[in-house]
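What follows is a short report on a single structure.
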Amino acid sequence: MKYKFETAALSKIKSDIIVVGVFQGEDLGNVIAGIDQSLANGSGNFAASIAEAASHEAFQGKASQVVSLPTYDNLACKKLMLVGLGNSKDFKPAVSRKIAANMARRFSNSTMTSICFVGRFAQEEHEDTSKKRKKSQPSSKSAAAEKASAAEKGGSDKSAGDKESDVAQHLRALVEGWNLGRYSFEKYKSQKDDKKSKAEITLSFAGIKETKLASKACSVGDTIASATNLARALIAEPASYMTPTRLADEAKRIAKEYDLSCKVLDSAQVEKLGMGAFLGVAKGADEPAKFIVLKYDADKSKKTVAIIGKGITFDSGGLSLKPAAGMEHMKYDMSGAAAVLGAMQVIGDLKPNVSVLGLIAATENMPGSNALHPGDVLTSMNGKTIEVNNTDAEGRLVLADALTYASRQNVDEMIDLATLTGAVVTALGRVAAGIMGSNQELVDKLIAAGKDAGENLWQLPLYDEYKDSLKSDIADLKNAGSRGEAASSSAAMFLKEFVDGKPWAHLDIAGPGWLDKDRDECNKGGTAFGVRTICQYILNYA
């Protein structure tokens, strides 16, 4: 997509739509005058007219409030949108991301080609303009100029670098949000939605200087959003198309395009490695299993991070068959794999100073004639034996061997992503993923990365007592613990048996990985949850 930095005054900006953010309780007339003083001058006083029109719509700047107003030929743009930013102290990049996504969705059926966001987030402080100046007309010096003067005199607690970084974060969030909000998957519709805008959109940002940091922020936002949408498309594909083989083909394409190394192991090669847990799950499917290995080697690598995705391209539950209701959504059980592919695309594009190993254990879980029986015993890659008491607890089996493989590749830390348990949906709903792990520093950094990226992570416990539920009478472990009790933590405790003492974190993304309706930057269907968190962690925290 295209983006630019607009230097013209608000009244002179040529754009189909201009979006102006307003904090709750601000005086709108002062806001408009502060952006462009000329709009408060003269007999017409456009700023006052806009404030009056907005008041008739009960616009108060509350979060998510939107009002569309005519420009009365005072602006060069066709339409002025007022968007509520909520309380100024709560204004974070996540708010900008949501605004952009909802704007993109709002105008998905329009023919517009440009939209301009007025950069009020460029201010390092958000002054309270709710009180009107009583004894004089607005000063000829704009609010922005007054702030710049105050900053020059040392009136701000933030350094210029901090302020520039804050602006960059908002820019990245706006670009991300816009791209994420515009996403739709129409491949299988015989009649495409011709009303949806197919034109390339130019995003412009007024009141913000074009700097290397600002331009890079836009580019990074574009890159991460594009990769997230790629992962969404992989999840949206029917399981009859998005087989383990096609998932492997997608990995090869990404590797070729972004200069990554890639190898795909077939069942015979996997068997030589001793991955009995992974192959046990694959036995019931006609589709051949694939173990996908992607690698990015940084020139001056600080460390190597392994990201591991559950790649069950369809989960019937095996002989422990799932109920029919909702089974069509089980194509999303490869969301962890899709997130790994999306993240690896970003890593290959942006080339951070951290080496990254991406692993995907891809298979279907089907009730074929050779399928696992409840009660069967498997031998995993690290030699531990597993009694399978539930064939629908297959994700932890494929991840067990993937984690063992990762631990033997001289990685410094491991992160797995999996739609692992329905219990995490019961606990956290569709708004947060559960996170557990063996290393608190890693867990804390991932939670922080998720917060920055707009993806919520909530830590669940890994008490030693949960291991008691995994004891088997005939093997080292059983794959499913006490049913109905701490199922998410029990599943993570099972995985911990295969990390070989490495710093490790497990993201159970079953809840936010699928939505039944659009929510801000997360669209209905597979959300590709985890792409943004992993990218944020690799770029800023690893």
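The values are calculated or read from the model by the stated rules, or taken from the named source; none is laboratory data. As the structure is a computational prediction, the values presented were derived from the model and not from experiment. Ideal geometry is used to build each Cβ from the backbone, glycine not excepted, and the neighbour counts take in all protein chains shown. Note: areas computed on protein heavy atoms with side chains; ligands, DNA, RNA excluded. Shrake-Rupley method; radii C 1.70, N 1.55, O 1.52, S 1.80 Å.
The Cα center of region 462-506 and the Cα center of region 50-116 differ in position by 49 Å. DSSP finds beta bridges in the chain, and of those with both partners inside it, around 35 percent are antiparallel.
What is the distance in Å between the Cα centroid of region 364-407 and that of region 205-244? Cα centroid of region 364-407 versus Cα centroid of region 205-244: 34 Å apart.
Among the protein heavy atoms, those of Asp476 account for about 90 Å² of accessible surface (1.4 Å probe, every chain in place).
With kT/(6 pi eta Rh) evaluated at 20 °C and eta = 1.002 mPa s, and Rh the Kirkwood radius from Cα pairs, region 1-63 diffuses with a coefficient of 166 µm²/s according to Stokes-Einstein.
In this structure, the pairs whose alpha-carbon distance is over 32 Å, taken from Lys92/Lys256; Lys189/Lys496; Lys2/Lys502; Lys92/Lys303, are Lys92/Lys256; Lys189/Lys496; Lys2/Lys502.
What does the C-alpha gyration tensor say about the overall shape of region 377-469? Classify as rounded when a/c is under 1.5, otherwise prolate if a/b is larger than b/c, or oblate. Oblate, because a/c is 1.5 or more while a/b does not exceed b/c. Taking only alpha carbon atoms, region 163-315 gives an Rg to Rh ratio of 1.06, where Rh is the Kirkwood radius. Above 27 Å, the calculated P(r) of region 296-454 contains 29 percent of its Cα-Cα pairs. What region 25-64 shows is 44 Å² of accessible area per residue, with the surface traced by a 1.4 Å probe over protein heavy atoms.
For a label point 7 angstrom out from the Cα of Thr111 toward its Cβ, which stretches of region 1-21 have the backbone nitrogen within less than 16 Å? Only 16-17 pass the distance filter. Quick one: accessible surface of Phe291, probe radius 1.4 Å, all protein chains present, in square angstrom to the nearest 10. Only protein atoms counted, so the area is about 0 Å². Relative contact order for region 293-337: 47 percent, from Cα pairs under 8 Å spaced at least 6 residues apart, divided by residue count. Cβ-Cβ distance of Ser472 and Asp500, R₀ of 30 Å, FRET efficiency by 1/(1 + (r/R0)^6): the value works out to about 0.90. Here the calculated FRET efficiency for Ser215 and Gln459, from their Cβ-Cβ distance with R0 = 35 Å, stands at 0.45, rounded to the nearest 0.05.
Only alpha carbons enter this Debye calculation for region 207-264, each as an equal point scatterer, and the log10 of I(q)/I(0) it gives at q = 0.13, 0.17, 0.20 Å⁻¹ is -0.50, -0.70, -0.84. The Rg/Rh ratio for region 257-343, using Cα coordinates for both the radius of gyration and the Kirkwood hydrodynamic radius, is 1.04. Which links in Lys212/Lys252; Lys272/Lys471; Lys216/Lys263; Lys62/Lys517; Lys216/Lys302 stretch past 26 Å when you go from one Cα to the other? Beyond 26 Å between Cα atoms: Lys212/Lys252; Lys272/Lys471; Lys216/Lys263.
Helix by helix through the chain, keep the DSSP H runs that span 24 Å or more along the axis on Cα and average at least -0.5 on Kyte-Doolittle, and give those back in order. Helices passing the filter in the chain: 212-236. Between the entries [x] 81, 52, 38; [y] 88, 54, 43; [z] 73, 61, 55, the label attached to Cα extents along the principal axes in Å calculated for this structure is [y]. Between Lys451 and Arg408, the contour length at 0.36 nm per residue exceeds the Cα-Cα span by 12.4 nm.
Note on region 403-542: Cα-only Rg and Dmax are 15.2, 49 Å.
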